[in-house]
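See structure below.
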Amino acid sequence: MNKTIVFVIFGCLFFINGFSQTKSIDELLNEIEQNNTELKGYQSFIESRQLENKSDNNLPDPELSGYYLPYGDNTTETYLEYQISQSFEFPSVYAVRGKWNDLKAQQLQTTYAKKRQELLLNAKTLLIAIAFLQKQKHIENERRTQNKQVFNQIQALFNKEQVGILDLNKAKIAWIQEQFVVEQIKSDIQILNAKLETLNGGKAIEVLTSEIILPIEIETAENLWQEKSAKEPSLLELKASEAASFQKVKLEKNMILPNVALGYNYQGVSGSNYSGFYGGLTIPLWNSKNKVKAAQANYEYQQSNNEVMTTMLYTQFQETFNRYQLMLEKYNEYQHTMTGLNSEKLLFKAYMLGEYSFMDYYVELQFYRNASDKMLQMEKELQLLQAQLLKHQL
């Protein structure tokens with residue numbers, strides 16, 4: 001296999017009825033992203049968490065305390081003392097915590113990217129499903145027209161007593177069944193459109209009306225995995241979690257250092273007083289106990305989890321890629337065999353010329369229609385597999 005392979009089906013591939021004349025799939029997905037209420041709400045949540053994390057790195061408020069002691073058994077003037085001070089952690093802690101907050105912000109962004117990807121992949125899946133339903137509806141409308149012609153012919157022959165009631169009943173059932181298929185497709189399209197409307201924040205998406213091209217271009221597994229490694233939100237989330245946990249170890253080590261307090265102090269009585277600077281240090285004996293070990297253990301867990309989850313995601317990717325290749329090979333064989341046959345029209349022409357009885361015609365017709373439906377279903381599955389393989393591009 002060449003290192004760079006581009007699979008293109010149908011030349012330009014996959015002409016699909018069903019999308020707006022003015023909007024591509026990317027434009028529709030962008031519209032959904034802008035209007036989706038869940039994503040809007042999560043963006044507000046991210047902003048609140050980021051502000052909360054930043055506030056954890058603020059200095060504590062300055063402290064003002066004082067003593068005024070006018071009572072007691074003494075021969076001096078009333079005693080007065082006040083002090084204003086500012087306490088803070090060791091200076092290096094703020095820089096390390098700031099870096100930790102930045103990494104936690106990256107974690108939130110990767111979580112948002114993952115949620116966004118899941119939502120847009122769901123929307124793209126719905127759009128693909130609608131596109132194929134539209135294509136199927138077009139095919140079934142043609143079949144319905146053809147079935148109507150056959151039924152009218154059988155009815156005319158029955159009226160002339162050239163065919164029996166059983167042939168007429170079979171033709172009528174086939175006609176009714178085809179009508180039901182078209183109505184079911186219309187119902188399915190309405191259901192999927194309602195789901196899209198929900199994803200679009202309750203705003204209707206224009207009915208898909210014209211034909212567009214959905215190209216499929218898949219590189220080798222190696223190249224595609226390298227691209228996913230740089231862009232896939234699930235992988236980026238793992239890396240962000242590991243980086244944040246490593247920074248937490250650094251933070252806990254810095255927090256062992258003593259806290260500092262500086263200030264100004266005044267004390268004394270009228271005509272006799274003292275004033276000067278105040279300073280203090282905490283003695284880090286109890287508060288930081290085991291915190292570094294806990295942070296280190298969590299970092300080791302994140303490393304291990306990163307490796308396990310990356311391996312699992314790669315295995316899932318390989319399975320999807322292999323399924324895509326197998327499906328593509330089968331589809332190409334089908335497409336090569338079916339292209340140019342024009343079987344249904346030829347069979348219908350032969351029937352109209354009297355070369356087939358109704359039952360022979362109907363049995364042969366179902367064979368070719370099943371083959372055509374199978375190829376359309378394979379085409380849809382290829383599109384869905386492609387959406388999975390390229391979801392990191394959303």
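Rank His392, His336, His138 by accessible area, highest first, at a 1.4 Å probe radius?
His336, His138, His392
Could you work out how far the C-alpha centroid of the range 272-305 sits from that of the range 91-170, in angstrom?
56
For the range 217-316, what % of the accessible area comes from carbon and sulfur atoms, probe 1.4 Å?
Values: 3480 of 6140 Å².
Looking at the range 217-316 in its full context, I get 57 percent from C and S.
For the pairs Lys195/Lys349; Lys124/Lys172; Lys54/Lys293, note any where the Cα-Cα span goes beyond 31 Å.
Lys195/Lys349; Lys124/Lys172
So which of Lys170/Lys380; Lys40/Lys99; Lys114/Lys374; Lys148/Lys170; Lys330/Lys380 end up more than 24 Å apart by C-alpha? Don't skip to the answer; put the middle values down first.
Numbers: Lys170/Lys380 32 Å; Lys40/Lys99 26 Å; Lys114/Lys374 34 Å; Lys148/Lys170 13 Å; Lys330/Lys380 13 Å.
Over 24 Å apart, Cα to Cα: Lys170/Lys380; Lys40/Lys99; Lys114/Lys374.
Please go through the range 120-200 and write out the trypsin sites (Lys or Arg not before Pro) that DSSP classes as loop and that have at most 10 other C-beta atoms within 10 Å.
In loop regions of the range 120-200 (DSSP not H, G, I, E or B), the sparsely surrounded trypsin sites (Lys or Arg not before Pro) are Lys160.
Kindly report, to the nearest 10 Å², the accessible surface of Val363 as traced by a 1.4 Å probe over protein heavy atoms only.
90
The list (1) 69; (2) 51; (3) 61 gives values of percent of Cα pairs over 27 Å apart, and only one came from this structure; which label was calculated from it?
The listed entry that was calculated here is (1).
Sort Phe90, Phe151 by heavy-atom solvent-accessible area, probe 1.4 angstrom, most to least.
Phe90, Phe151
Using Cα positions and a limit of under 12 Å, work out the aspartates and glutamates in reach of Lys291, with same-chain residues fewer than 8 apart set aside.
Correct list for Lys291: Glu252.
Can you give the accessible area of Ser304 in Å² (nearest 10), computed on protein heavy atoms with a 1.4 Å probe?
Around 60 Å² of this residue is reachable by solvent.
Got a sec? What order do Lys293, Lys374 fall in by accessible area at 1.4 Å, biggest, i.e. largest, first?
Values: Lys293 150, Lys374 90 Å².
Solvent-accessible surface, decreasing: Lys293, Lys374.
Express the accessible area of the chain per residue in Å², computed with a 1.4 Å probe while the remaining protein chains stay in the model. Please report the intermediate quantities before stating the final value.
Working: 23200 Å² over 394 residues.
For the chain, the per-residue accessible area is 59 Å².
The values are calculated or read from the model by the stated rules, or taken from the named source; none is laboratory data. Source: prediction; values computed, not measured. All Cβ positions, even for glycine, are placed from backbone atoms using ideal geometry, and neighbour counts span all protein chains on display. Quick note on the areas: whole protein, heavy atoms, side chains included, nothing else; ligands and nucleic acids left out. Shrake-Rupley method; radii C 1.70, N 1.55, O 1.52, S 1.80 Å.
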